[in-house]
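**Q** Starting off with a structure, shown below.
Each reported figure results from applying straightforward, stated rules to the coordinates on display, with no laboratory input. Since this is a predicted model, take the numbers as computed values, not measurements. Using ideal geometry, Cβ is built from the backbone for each residue, glycine included, and neighbour counts are taken over all protein chains shown.
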Amino acid sequence: MSADVIDGKAFAAGLKQDVARQVAVLKEKYDLTPGLAVVLVGEDPASQIYVRNKNKSTKESGMNGFEYRRDPDISEAELLGLVKKLNEDPLVHGILVQLPLPGHINEAAVIDAISPAKDVDGFHVINSGLLATGGQGLVPCTPLGCVMMLKGRLGNMSGLNAVIVGRSNIVGKPMAQLLLNENCTVTVAHSRTRNLDAVVRGADIVVAAVGVAELVKGSWIRDGATVIDVGINRIEKADGKTRLVGDVEYAEAVKHAGAITPVPGGVGPMTIAVLLKNTVTAACRQAGVEEPEI
Ligand code: NDP
């Protein structure tokens, strides 16, 4: 048996098209152009690539993209001042501060300074609280993209056993809330979990968000399970070159799973597409207009 590969690039391309259609309707009907501001502090190479891709995708969708690059020695007060300015800017509907920030800046303070209505990353404590209590906030992009792919594959997930490996605020915990909302029976595993293999073996849905290359072994995957691999790890090959692998041992898992996301080409592309979608949602709520159907 070989699993179906869940094509994140194709899902993302479809969602981006939907977003572009929504943006066209908003422009035509309400003269409203959603705007996304991305703030990049410093010169971290991975962050530079993410920010470039985000800006490209924002413009392709017809939205306004605003980029703010700041030196790594910017003070926390200056950065908070920039966030305040963006909170007050009516052309900006979504604000994303690229993480990680340099060590002298308190990340939590910066995230908390973003207006919850413009927090398209969904990391603000108000948005986490709304997600946990069933309210209408903005949801973190990566887990929301994972749920969209799971729904696309499985449809109704009610009653399925979902095991999430990882409990970070940006992936594991919101993923657990989203799958609870889908009526899954959710287990969240982490570094202190005992017998992780046995826990994963009970799962109809496995979401791996750990940051440890191939930690989840293929032999742990129940036959027919659906596997979402969030991890992005760069490992060195025998020839000295590097390659990206996920948190799941893909070559073995593919023999057991019913469906699985690859790395790269799985969760990663969806994250940016959902960011655009969140920006449309935020713009509609701020303007008090109905979000166009997709
Ligand atoms: P964090 O480092 O914040 O969290 C990792 C989690 O994994 C923690 O909860 C930790 O447990 C758990 N963990 C670590 N080691 C083990 C272990 N041996 N057994 C079980 N659990 C373990 O990572 P993130 O959630 O931010 O990211 C996870 C991965 O997803 C990374 O590879 C990251 O690059 C990737 N990622 C990909 C995105 C995308 O767009 N595709 C977006 C965001 C992240 P504990 O809490 O006990 O320490």
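**Q** Give the long-range amide H neighbours of N161: residues separated by 5 or more places, or on another chain, with amide H under 5 Å away, using H modelled in the peptide plane at 1.01 Å from N.
**A** Correct list: T185, D204, I205.
**Q** Nearest 0.05, what FRET efficiency do V212 and Q136 give at R0 = 30 Å with Cβ-Cβ as r?
**A** 0.30
**Q** If you don't mind, there's one more thing I want to ask. Need the full-extension length gain, E67 to M1, defined as separation in residues times 0.36 nm minus the C-alpha distance. One decimal, nm.
**A** Working: separation 66, 0.36 × 66 = 23.76 nm, distance 4.66 nm.
Length gained, E67 through M1: 19.1 nm.
**Q** Rank by packing, highest mean first: peptides 247-255, 39-47, 66-74, with packing defined as the count of other Cβ atoms within 10 Å averaged across residues.
**A** 247-255, 39-47, 66-74
**Q** Let me ask something else. Under a crude label model (7 Å from the Cα following the beta-carbon direction), how far is S219 from R234 in nanometres?
**A** 3.2 nm
**Q** Moving on to the next point. Can you flag which of K217/K241; K217/K255; K151/K217; K16/K59; K54/K277 are past 22 Å Cα-Cα?
**A** K217/K241; K151/K217
**Q** OK, next. Starting from the exponent 0.38 and prefactor 2.2 Å, build the expected Rg for the stretch 141-269 from its residue count and divide its actual Cα Rg by it.
**A** Ratio of Rg to 2.2 N^0.38 Å for the stretch 141-269: 0.98.
**Q** For R70, enumerate residues with amide H under 5 Å from its amide H, sequence gap 5+ or separate chain, H modeled in the peptide plane.
**A** Counting only residues 5 or more places away or on other chains, the set is L40, V41, G42.
**Q** Assuming 0.36 nm per residue, please report the length gained on full extension of the stretch A10 to K59 beyond their Cα-Cα distance.
**A** Additional length available on full extension: 15.7 nm.
**Q** Distance in nm between label sites at S168 and S191, each 7 Å beyond Cα in the beta-carbon direction?
**A** Label at S168, label at S191, 1.3 nm between them.
**Q** Continuing with the same structure: Calculate the spin-label point distance for Q17 paired with K85, positioning each point 7 Å from the Cα along the beta-carbon direction, and give it in nanometres.
**A** My value for the distance between the label points is 3.9 nm.
**Q** Continuing with the same structure: For a paramagnetic label modelled at 7 Å from the Cα of N161 toward its Cβ, which residues of the stretch 204-233 fall within the zone defined by backbone nitrogen distances under 20 Å?
**A** 204-209, 216-229
**Q** Further, regarding this structure: Exactly which trypsin sites (Lys or Arg not before Pro) in the stretch 126-210 are in a DSSP loop and have at most 10 other Cβ atoms within 10 Å?
**A** Details: sites: K151, R153, R167, R192, R194, R201; in loops: R167, R192, R194.
Taking the stretch 126-210 and a limit of 10 other Cβ atoms within 10 Å, the loop trypsin sites (Lys or Arg not before Pro) found are R192, R194.
**Q** Helix-only estimate, please: 222 nm mean residue ellipticity of the chain, summing -39500 (n - 2.57) across DSSP H runs of length 4 or more and dividing by its residues, to the nearest 500. Walk me through the intermediate numbers first.
**A** Numbers: 10 runs with 122 residues, N = 294.
After summing the helix terms and dividing by the residues of the chain, the value is -13000 deg cm²/dmol.
**Q** Run the numbers for A198 and K27: contour at 0.36 nm per residue of separation, minus the present Cα-Cα distance, in nm. Walk me through the numbers before you get to the answer.
**A** Working: separation 171, 0.36 × 171 = 61.56 nm, distance 5.20 nm.
Result: 56.4 nm gained on full extension.
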